[in-house]
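Structure first, commentary second.
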Amino acid sequence: MRYRNLLLFLTLAAVWGSAFMAIKAGLGDLQEPAYFFEAPVFFAAVRFDIAGVLMFGYALRATDRWRPRGRSEWLTVGVGAVFIIAGYHALLFVGERGTTSAAAAVIVSLSPVMTTAFARALLPEERLTAVGVLGMALGLVGVVVLSRPDPANLVGSRFEALVFGAALCFALGSVLTRRLDSDLPIETMEAWSMLGGAALMHGLSLGLRETVSGMPSAEATAALVYLAVVSSALGFLIYFDLLDRLGAIEINLVSYVAPIFAAVAGFLLLGEHIGGPTVAGFVIILVGFVLLKRQSIRTELRRWQSG
């Protein structure tokens, strides 16, 4: 049980890191559009249609609270649906149409920084020290070195601006969810947030007049299933569990670790080369985490020595 949070954190980073590749497989890009290219918000909505139904069934089985009660619990579900599900994923899916996975990963990794800014206003007890801020900055530098984005492609593009908006939604949703701190079981909250977020995205898709025709390709279908079952149902179950245990700032640091798993998965499955900049990024991110988690690491070392 001592290493439970660490194992869950690494699992979440692996699941969400590989999700960038799955989104790209389903969408394609401006040069090589895939099946869902003209309907990215619809793609995101269907993802959470599936994930929401799965989580609702799990909530019925695992808890005795299948629906929210009272204003606070419904507000928690609303925050999750609007910001963490609909806002984040609609903007991310549209943004990934016209930007690289590397650029998107760098922008999303700003989420912990944004979370810290929101937490300073809404969660004073979770403020970082000066050393903690330095550690967070090093983590961001490591992600930039690891991803090696093209600066000309990263700045001034409406697609990157959309991804930035996605990270902003996620950070704000995380802090608001933590602040509300309702007694609603995680499984129930996640199920209703997913279904509510999916409904919002379907409405947005209709408003944008998105259309798809024919049947999705095998690659697009596999990407959709992976995103719905693994990245969404499993990933968000882990996320909300760790959010309650670790707090909004620490759990959103997963966006620093996710690119590492994306790089390793690309090397193992796609034969992508891991060069010097990648290794340097790993080291810088590690140093940042040591600074951020120095007290926990020190406590763990003392336990290990005494044991």
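Miscellaneous remarks
- Its relative contact order, with pairs defined as Cα atoms under 8 Å and 6+ residues apart, puts the chain at 37 percent.
- Cα gyration tensor category, rounded, prolate or oblate, for the chain with a/c compared to 1.5: oblate
- For segment 42-52, putting each phi into the Karplus relation 6.51 cos²θ - 1.76 cosθ + 1.60 with θ = phi - 60° gives couplings of 4, 4, 5, 5, 5, 3, 8, 4, 5, 4, x Hz, in residue order, rounded to whole numbers and with x for Gly and Pro.
- Across segment 195-204, rounded Karplus estimates of 3J(HN,Hα) from the backbone phi angles (6.51 cos²θ - 1.76 cosθ + 1.60, θ = phi - 60°) give 5, x, x, 4, 4, 4, 6, 4, x, 5 Hz, Gly and Pro being marked x.
- Distance between modelled label sites at A137 and E32, nm, 7 Å Cα→Cβ extension: 4.0 nm
- For the pair D181 and R65 in one chain, pulling the backbone fully straight at 0.36 nm per residue adds 40.1 nm over the alpha carbon distance.
- Put simply, the amide H of G28, placed in the peptide plane, has neighbours under 5 Å in A34, leaving out anything fewer than 5 places away on its chain.
- Evaluating 6.51 cos²θ - 1.76 cosθ + 1.60 at θ = phi - 60° for every residue in segment 182-187, the Karplus couplings come out as 7, 8, 5, x, 4, 4 Hz, glycine and proline recorded as x.
Throughout, read-outs are computed from the coordinates displayed, never taken from laboratory work. Computed from a prediction, not measured in an experiment: that's the story for all the values here. No Cβ is skipped: glycine too gets one built from the backbone with ideal geometry, and neighbour counts run over all protein chains shown.
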